[in-house]
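The values are calculated or read from the model by the stated rules, or taken from the named source; none is laboratory data. None of these values were measured; they are calculated from a predicted model. Cβ placement follows ideal geometry from the backbone for every residue including glycine, while neighbour counts extend to all protein chains displayed. Heads up: the accessible areas ignore ligands, DNA and RNA and are worked out on the full protein's heavy atoms, side chains in. Shrake-Rupley method; radii C 1.70, N 1.55, O 1.52, S 1.80 Å.
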Amino acid sequence: MLSRICVIISCSIKKDAETTKLVLRSVIVFTFKPSNASFTPSIIREEDARSIRKHNNITGGSTMVSFQGNGIAPSPQYNAAQPLPVIIAGAGPSGLVAALTLQKYGVPFVIYEQNASDKLCSDAGRGIDMSPSVIKILEKELGLYRRLDAAMKQYEYIDVSNMDGKHINTLRFKEMSERKRHITGERNFGFASRSKLQHILLEALGLIDRHGRIKDSPYGILRCGIAVTGYKKMIGNFVQVQLDNSMKVKGSALLACDGVHSYIRQCMQEGSEGSALNFTNQEAWWGTTTVRPGSALEQELLHIAASRKMQGYNVGLVVLGTNQNPGSFYANEVSKNVYSWSYFVESESSNFDADLIRRGGKVLDETEKQELVDKIPSTCKILKLFSEFTPTADMNRSAVFDRANNLPSVDGRVALLGDAAHYYHPLRGEGSNKAMVDGYVAAMRLATAIMGKSSSSNSKSQKSPSIEWALLGFDSYKRRKGNTALVKKSRKYGQGATSNSRYTCWARQTYFKFMSAPKMIRELCTGDKSNSRFVSDMIKELKPYPKPARCLARPVIPGSGACDSIEMELSKTKTFTEEDVGCVCIGF
């Protein structure tokens, strides 16, 4: 890890009514590695800096420059009056998509994540049926087409049976024509590992180093082990954010992507009816299983593939409950020989204390794992094998909640996103998709409000919207009404999945008996219409305003180091050559 020291050669002080600025006439940037404490002075020549400005059509003011590897990448959006960063609470899919969108347009941001960095890509039974809207955002808008291949695995077969071991149906996606399997562009209907999706989002943000470790720094754009616990609206163009380390920071806006137990939501909606979680009288067991060659589990999967005349055993599994053996089991292969699975059953205990962060749940010990094994009907061989071959460290248990969503999710410059705003029963697979769409739409609105005017060629006749107005449009009545309806629909669907009613079990089995692969794809696309409309409404609403220009450099974070609110004039003889990731601000 490289550290930096700026040595001031000469300076002067500028004062005005609001700020005091230190204008540096000459600066040497030292980089050193703590292991050997060797120092390497690095100075940028004035002609190099001027060349950067000319190439990017930058005139006047100061220019933020990021040093990435051995190159110099300018951020032409910045000037002397830098915007405060957008504070993002939570580094889940929603927060990372928002960060990537802000980065695309040069909007500074800081992500605070209450978990340690090694927990960001941990995965126990987490998977996402990727919707068309999310795929379009990740591929087209954020440029993750090739990276997404590593996180997604297309469905080939889904085998449907019940807890009594009776086969019901096989959905044969692999045998459909290529055109009919597409849900958007050239992307087929598929399932993404949440862990791998997290990794590619972090990688796209430049937060994965060459050793595969997550870059977590108290002065970087990702700051782990710190939770946002509240906020205070201030008179002026900022929001004051309270951290759990007793520090307070300023931001131009606050995006709450901190999950179902959001501290920001509690602050925003304290004492409001409808804010409390609703326990659905269900619990979920999650796991990730590696199928070992020659194991009994592999033999069972091969047997299922052979008996259903499948080509290979890349098969998703759905096991439906009966009135004698209620519950539902789902498993999908997220990478070669690795399955993510979940098992839903009714429960009288909410197990709330074990479910503190998102749906993280409680990692099991051997005694609790045995409790799961005892719940599984002896007639359901595949479920027993999955539970036996999954290490306890890769299993967890959580209560299943949802929440009525009839309350506003925006308060001035503060917005709730994803599970913090609308929390659904996980069985329909709506939560993660909606969270990522929320992240993109909220960030686009903020980018237009913060950076739109500076990138407009006709800024005199056009004005960018205020941040408050931009976020208010995010919390539309139509969106809130649709989310409330979906919470109720998901709750009903989840209750049916664990019901011991003879009629309900018969109806579910009949529904899946006549389900076809094309029909399942159509249902996914139909369920995604609300997300598609949400994005379309945002585009239509922001169309009259200047669109922010795309910024190729990663934005520099005001307040992230000693260079904050400092103008530097670098005018010596040597070119910057030391490999580093950092930033300075240069002005002429």
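Heavy atoms only, probe 1.4 angstrom, no DNA, RNA or ligands counted: give me R550, R397, R445 ranked by accessible area, highest first.
R550, R397, R445
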Q) Can you pull the Kirkwood radius for region 108-154, inverse mean 1/r over Cα pairs, to one decimal in Å? A) 13.0
(Q) Given R₀ = 35 Å, what would the calculated FRET efficiency be for C525 paired with S307, taking r from the Cβ atoms and rounding to 0.05? (A) 0.70
Q. In what sequence, highest mean first, do 471-484, 186-199, 281-294 appear when ranked by Cβ atoms within 10 angstrom?
A. 186-199, 281-294, 471-484
Q. How much accessible surface does I382 have with a 1.4 Å probe, in Å² rounded to 10?
A. 20
Q.
Give me Rg/Rg_expected for region 190-234, where Rg uses Cα atoms only and Rg_expected = 2.2 N^0.38 Å with N residues.
A. 1.50
Q | Cα centroid separation - region 327-344 against region 135-179, whole Å | A | 13
Q) How big is the charge dipole of region 195-259 about its Cα centre, in debye rounded to the nearest 20, if each Lys and Arg gets +1 on its Cβ and each Asp and Glu gets -1 on its Cβ? A) 160
Q: Please give the net charge around R223, taking every other residue with its beta carbon less than 12 angstrom from that of R223, where Lys and Arg add +1 and Asp and Glu add -1.
A: -2
Q: Count the net charge of all other residues whose Cβ sits under 10 Å from the Cβ of K153, scoring Lys and Arg as +1 and Asp and Glu as -1.
A: -1
Q) Where does the charge balance sit around Y343 when Lys and Arg score +1, Asp and Glu -1, over other residues with C-beta under 10 Å from its C-beta? A) +1
